[in-house]
1. Using alpha carbon centroids, what distance separates the range 54-80 and the range 138-186, in Å?
2. Hey, can you grab everything whose amide H is under 5 Å from the amide H of residue 33? Only 5+ residues off in sequence or another chain; H modelled, so Pro and N-termini drop out.
3. Cα to Cα, under 17 Å, and not fewer than 8 places away if on the same chain: which aspartates and glutamates meet these conditions relative to residue 239?
4. At 0.36 nm per residue, minus the direct Cα-Cα distance, what do residue 111 and residue 39 gain on full extension? Give it in nm, one decimal, please.
5. Put a dot 7 Å past each Cα toward the Cβ at residue 159 and residue 23; how far apart are the dots in nm?
6. Would you please put 278-285, 2-9, 248-255 in order of how densely packed they are, using the mean number of other Cβ atoms within 10 angstrom per residue and starting with the highest?
7. Over the Cα atoms of the range 5-142, Rg to Rh with Kirkwood Rh, two decimal places?
8. I need two numbers for the chain: Rg to one decimal and Dmax as a whole number, Cα atoms only, in Å.
Amino acid sequence: MKNELEAFVQNNGLTGEMFFIINDNDNYIYRRVILHDENTEPLITENFKKSITDEIIKRISINDNGDAIIDNITDMNYEHKGVYYFDIASEDKSTIIKIIEEISSLTVADNPIDFKFNDVNLDNIIGLVYHMSDGDKNIFLYQHRYPNFLHKKSRLSFLGEGDVLVPIPYDMINISKVIDFFVFDGISYAINIKLLEERYGLTQVIDNMVSEVTPKIIEMEIVNKSVLAEPEKIFDDMKDDRGFMRKLARVLKNGILELNIDVNIVNEIKTSFPTIGRNIDIINDDNGIQYIKLTSKARKKAFIRLLNDEAVRSVLTQKPSIAQNHKPEKNNTPT
């Protein structure tokens, strides 16, 4: 994908079109934006060509085989600023993400409704989608509406024109180089994880994964369920720590639960990896059975860190740790 994008931005024949996503009385819709003249589209296209290089291509690492390293977003491996396959199930995607993907499925035969600046309050714009094409491949770049996106005209709005300060009789929008989400060649990708978590439904996806993985962790033979009044709520005190919740959700898909870890293995890990084993204490219950002590937030963090550690997993499986990098199927139809 990285090589394809590098070739894409080198094409001097790229064309572009813009769409706004709008909150229409709590119903999200999209409208095509009519650009001012033949000089406006190349200007915006050139802006987003640079964005593709700076915001996407430069974020993608290459492995020893020359392949792009792109994790699935549900792998919850967000330690580096990368690009992620947006492998969220359709039923869990936010409405706006679905609209972006719907725009990406438009064909030349479609005739989307145009945006009317006189009829729509610019405050209702949620974000913009910029579609670029070389006639073969297509990319749809989504930019969230940030606070500096809109400048509302006022009685004291002015613009420097030459050496003169003149009033601004209209609202203005600022298009930046930021890309938060994009669709390329029918595949959806995420960049701004924090934004997607705060505004675009990723928090609920993470919480659903936590709900699924928590009982699996409880069933491991290293957690003493008998001392927990409500075992399923063992991590409830950590819900405000979104970083921890992401790491907890990550356990669901990292393969560690399939290794049947017991207390003996944890003791071996503590010996082999003393830094990882810090804050992990093994205690005996009334019957002399050993368990991991999970009585504080620090101990819970240390335990989940152990379950996520790639070096630990590599030793336990006798396999080198590698990224999942499972490319999803193309999104060829609206969802």
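1. One Cα centre to the other: 30 Å.
2. Sorted by chain and number, the residues that satisfy this are 18, 19, 20, 115.
3. Answer for residue 239, where 17 Å is the Cα cut-off: 197, 198, 207, 212, 230, listed by chain and number.
4. Details: separation 72, 0.36 × 72 = 25.92 nm, distance 2.27 nm.
Stretched out fully, the residue 111 to residue 39 stretch lengthens by 23.7 nm.
5. With each label placed 7 Å out from Cα toward Cβ, I get 2.7 nm.
6. Values: 278-285: 13.5, 2-9: 16.1, 248-255: 20.8.
Highest-to-lowest ranking by the protection proxy: 248-255, 2-9, 278-285.
7. Working: Rg = 16.7 Å, Rh = 16.9 Å.
Taking Rh as the inverse mean 1/r over Cα pairs, Rg/Rh reads 0.99.
8. Just the Cα atoms of the chain yield Rg and Dmax of 24.7, 86 Å.
Here, each number is a calculation from the coordinates, and none is a lab measurement. Treat the numbers as computed from the prediction; the structure is a model and nothing was measured. Note that we place each Cβ from the backbone using ideal geometry, even for glycine, and neighbour counts take in every protein chain shown.
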